[in-house]
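The values are calculated or read from the model by the stated rules, or taken from the named source; none is laboratory data. All of these numbers come straight from a predicted model, not from anything done at the bench. Glycine gets a Cβ as well: all are built from the backbone with ideal geometry, and neighbour counts include every protein chain shown. Heads up: the accessible areas ignore ligands, DNA and RNA and are worked out on the full protein's heavy atoms, side chains in. Shrake-Rupley method; radii C 1.70, N 1.55, O 1.52, S 1.80 Å.
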Amino acid sequence: MENQQNLIEQFISAAERAAATVERVHNSPAALSQAISKITAGEKTVLLAEPDYLPDELFRSLRELPGIITHPTEEQMATTKIGITDAFAGVAGTGSICVALSRNLGGSISLYTREHVAVLSAQSIVSRPRDIFTMQAKGGNHQDFVFITGPSATADMGPLVRGVHGPGKLHIILLEETDV
Amino acid sequence: MSEIEKEITPREVADKSAKEALQKAIRMALAIESDAVRLNTQTFNRNRYTAVAEIEDYEALKDRAREIKEYSIENNEKLLGRLRQVIEKRGGHFYPARTKEEACEYVKNVCLKHEAKLVVKAKSMTSEEIKLNHTLEEAGIEVAETDLAEFILQVSDEQPSHIVAPAIHRSRERISELFKEKFDTDQPLDTGEDLTKFARKILRQKFLTADVGISGANVISADTGTIVLVESEGNIRMVTQAPPVHIAIAGIEKVIPRREDLAVFIELLAPSATGQPLTSYTNIIDPPLDLPPFSFDGRPKKEREFHLVLVDNGRSNMRKDPELKQALYCVRCSACLNVCPVFQTVGGHAFGGETYSGGIGGAWEAGTGTLENAGFSELCTGCSRCIPQCPVKIDIPWLNTVLRNRLNHPDGKKAPAQKRFFGNFASSARIASLFTPVSNRVSNFSVSRSLLEHFFGVDRRRELQNFAGQTLTKRFKKANIQASEAKSSAVLFADVYTNYQNPDIGLITAKVMAKLGVEITLSDVLPEGRASQSQGLIDIARKRAQQTARYLEKMIDAGKPVIVTEPSVLALFRLDYRNLLNDAALFQKLKKMSYDPIEYILHLFTENGMDWKKCFSPQKLSQQKLFIHGHCQQKTIGAFDATVTLFRQLGFDVVTSSVECCGMAGSFGYKKQFYEVSKKVGEDLLDQIGQADEADDERLVLAGGISCREQIRSELNRPVYHPMEVLEKIIG
């Protein structure tokens, strides 16, 4: 438990170093819904990918929020500003989140939008990238996924610029069991 | 646009098979590209040091990566067979292309079958190597490069100058200038943000309407057909997700056995490349993706289709080549480019060919093209700084020595005069020292300098080091140095540089050692092979190495460790002899028992429990502030830290240089064709010395290498000392 707490602290600082923002939220549908509604306030449409990993009851109330679209058209996918997905793991050493590429569209919504909000359970944070592969190998699972480490960025035009083809902002909602 | 930009374009000097191309490219690079390359590579380089220091098991991880790559190249056919089955089983297409023509033809036909008008493409060095864009464009297909650096190169019509950041040679200002000239737009193009926004808008439209997406692959696992694609911009995610057809192109060397081991490379790649723990996106995919098909422009949706094209194009021959084979382990991280002092100065348009650049680039250009294409490998000075940085432990300087050797003897002819001149330093030095001071006067006399320049390419702007009439051998004999209460004995290696040009340093070392109770035997003067190796004269170097190693082995067996004052010679024993001696046990013995003099002193202190306070009196020296420059190879073999440790223990205020190399690098800086490059490399070191000096208080400058001292002295006009010269002043 204490070890997991260390990983969480390490994850937060690494993610912030990679220019992501991290918000610690109690692991409950109500707390999550409240956190998300703050983010989506004033937005006409917000894309929500069906969760690949997190329990459905967590996301149920999110679907009721104003402006939420769960099955976007291509047009909506290519033009909506904010997209919400879950992440099936976090990596403490690198501050990365792992988002699945599946028919739930998390892999696409986390790409086309300008701001990506990712919901991550603190329990699923591991130490290093290799742990994800070890876990998957044990489970005989080779899910397509992407390690996302901060917003998309480039230094090709000279100075560092955030926000290229992928989102320019990455906000991670970290669900924790303890009241934070 | 400057004059030189109009005169020489990078494209026309990309092919280095003509000797003049390299010279022109160097001139162009120094004038136009050097500042941007230096800023960007040095940033990557600093960040890499920080990032790899954070990896707990960095050395073990590198060993593992090397082991996997060795296995993979050894078992390449088997892995490709396995991979083919896996890809085809899940409905993908697998195409092994023997040649670049086959690869291009296949990709073109896939595109034509889909009636593709627009292809979006992610960065892929392999696709550059096979000149894929050319084939597709000939067929009337538009190719949009979507990596922003490649986007720039498509606009400027230049070849990549770096394998990870292909437009690293262009500053923001030069990108603005280019875009303003080439695009008719009202959008602002003045900041990084402006330029990115502009390109993003153009490319977003391309992604949404493309028929086919083409990517490379960083690593592929044979057991699951999983492809790793590392990026930051999101263009690879777009290329692999937006269009219905995805074609991945990679060299056959990218396949490893197990998916689980992909992590080894993922954990090493980004830290080694850009110095990040991971880049923004690391894609782990088994295409065709299980995503619903998209259509952003109203056309009918198509089922997703995937093709994996694995290109041989010379790689099978590289596998069979005992020397070039190790180049196939390369994971294209670019650490060897970023750490390279010459690359930092000229970039990949000079230090590179049509596709591949830097130290590792020569072997790749030779392997996938012709030997002559690797002519730019002459720019490798053998400084060795890339060796500890390579995540798969490729001995890059050795690859370049091998290429040089092969280029020296294209049709079994004799090596060029310049190579023979520098490669036979020992005999030239012996003869010159017999005739000093006449030979010194003659060798620096203007007529003889122009003859030297004409026949041997020795740049006349370099002051030639004087040859001592009284060699170390003669002076050592005369001095009759006796150790007081001898506690141990050692051999001082009389290398040719110390013997003929710096006998003082050898003598001083012997005296200091004697005072510390070490009885010194001076070795015979043996050409140890450094000079011939650096000219690519491998056969001669091997002979010399054998002879010297056998000679020293007898001393070592008699209980005498070997002390070497010239770091490039010490590095030869501890690093290069693994290639030159066909005797691993002998190499290990010499490696273990050869010391830098200060390393040996520290060893004595710990071994004999000596108290340095009783041995040295630092207060004898009025200047207590030092600037110490570590010799490149001395740092690589780990023999430099001892110097810093000792002087700090003695209470000196020590500042060290943070440059990789002084730029002289033995004969490199003396060669007419590289004089300017060498001087330019040295600028950072001179700047650092200047910064470390206080207004009215110049630090004592120390440098262990004879070339480093010459490089600094030639510009600063102040004495530069070997560390042993300072120790001699404060001993007792």
Failed criterion for B:ALA558 (all others in (1) in contact with a strand residue (DSSP E or B) (Cβ under 9 Å, 6 or more places away or on another chain); (2) under 21 Å from B:ASN480 (Cα atoms) hold): (2)
Which listed residue is crowded, with 24+ Cβ neighbours inside 10 Å and in contact with a strand residue (DSSP E or B) (Cβ under 8 Å, 6 or more places away or on another chain), from B:PHE421, B:PHE351: B:PHE351
Exclusive hit being more than 19 Å from B:LEU492 (Cα to Cα), free of Cβ contacts under 8 Å to residues at least 60 places away in the same chain and either out of contact with any Leu (no Cβ under 6 Å at 6 or more places or on another chain) or open to solvent by 10 Å² or more (accessible area, probe 1.4 Å) (or both), set B:ASN608, B:ASN582: B:ASN582
Condition check for A:ALA100: over 25 Å from B:GLY275 (Cβ atoms) and in contact (Cβ under 8 Å) with a residue 24 or more places away in the chain: yes
Failed item, numbered, when A:GLY139 is tested on (1) free of Cβ contacts under 8 Å to residues at least 12 places away in the same chain; (2) within 7 Å of chain B (Cβ to nearest Cβ): (2)
Of all residues making up the stretch A:142-180, the number that are within 9 Å of chain B (Cβ to nearest Cβ), open to solvent by 30 Å² or more (accessible area, probe 1.4 Å) and of a type in the set (Ser, Thr, Tyr): 0
Some residue of the stretch B:59-68 being in contact (Cβ under 8 Å) with a residue 40 or more places away in the chain, in contact with a Phe, Trp or Tyr (Cβ under 9 Å, 6 or more places away or on another chain), more than 16 Å from B:GLU142 (Cα to Cα) and among the basic types (Lys, Arg): yes
Verdict on A:SER121 being touching a helix residue (DSSP H, G or I) at 6+ places or on another chain (Cβ under 7 Å), open to solvent by 10 Å² or more (accessible area, probe 1.4 Å), of a type outside the set (D, E, K, R) and modelled with pLDDT of 95 or more: no
Spans of helices (runs of 4 or more DSSP H) in the stretch B:1-75 with at least 1 residues at pLDDT 95 or above and closer than 19 Å to B:GLN344 by Cβ: B:19-28, B:34-53
Search result, residues across the stretch B:266-302 that are among the polar types (S, T, N, Q) and either modelled with pLDDT of 95 or more or within 20 Å of B:VAL331 (Cα to Cα) (or both): B:SER272, B:THR274, B:GLN276, B:THR279, B:SER280, B:THR282, B:ASN283
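Okay, residues lined up against (1) at pLDDT 95 or above; (2) surrounded by fewer than 17 Cβ atoms within 10 Å (Cβ to Cβ):
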{"residue": "A:ASN6", "(1), (2)": "yes, yes"}
{"residue": "A:ARG17", "(1), (2)": "yes, yes"}
{"residue": "A:THR21", "(1), (2)": "yes, yes"}
{"residue": "A:ALA35", "(1), (2)": "yes, no"}
{"residue": "A:LEU48", "(1), (2)": "yes, no"}
{"residue": "A:GLU57", "(1), (2)": "no, yes"}
{"residue": "A:SER61", "(1), (2)": "no, yes"}
Qualifying residues in the stretch B:199-216 (those that are open to solvent by 10 Å² or more (accessible area, probe 1.4 Å) and more than 18 Å from A:GLU74 (Cα to Cα)) - the one nearest to the chain's Cα centre (by Cα): B:ARG200
Residues satisfying the stated conditions in the stretch B:250-295, i.e. of a type in the set (Phe, Trp, Tyr), within 29 Å of A:ALA155 (Cα to Cα) and either in contact with a Leu (Cβ under 6 Å, 6 or more places away or on another chain) or facing chain A (nearest Cβ under 8 Å) (or both): B:TYR281
Pair list, Cβ under 8 Å, 6 or more apart: the stretch B:540-561 residue under 19 Å from B:LEU492 (Cβ atoms), other residue surrounded by fewer than 18 Cβ atoms within 10 Å (Cβ to Cβ): B:ALA549/B:ASP583; B:TYR551/B:ASP524; B:GLU553/B:LYS589; B:MET555/B:THR521; B:ILE556/B:LYS589; B:GLY559/B:SER489; B:LYS560/B:SER489; B:LYS560/B:THR521
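On the given criteria, is B:GLY536 in the same structural domain as B:ASP611 (by TED's automatic domain parsing), assigned to a helix (DSSP H, G or I) and open to solvent by less than 10 Å² (accessible area, probe 1.4 Å)?
Judged against the criteria, B:GLY536 is not a match.
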Unmet requirement for B:LYS108, which otherwise passes all of (1) within 14 Å of chain A (Cβ to nearest Cβ); (2) surrounded by fewer than 21 Cβ atoms within 10 Å (Cβ to Cβ); (3) charged (D, E, K, R): (1)
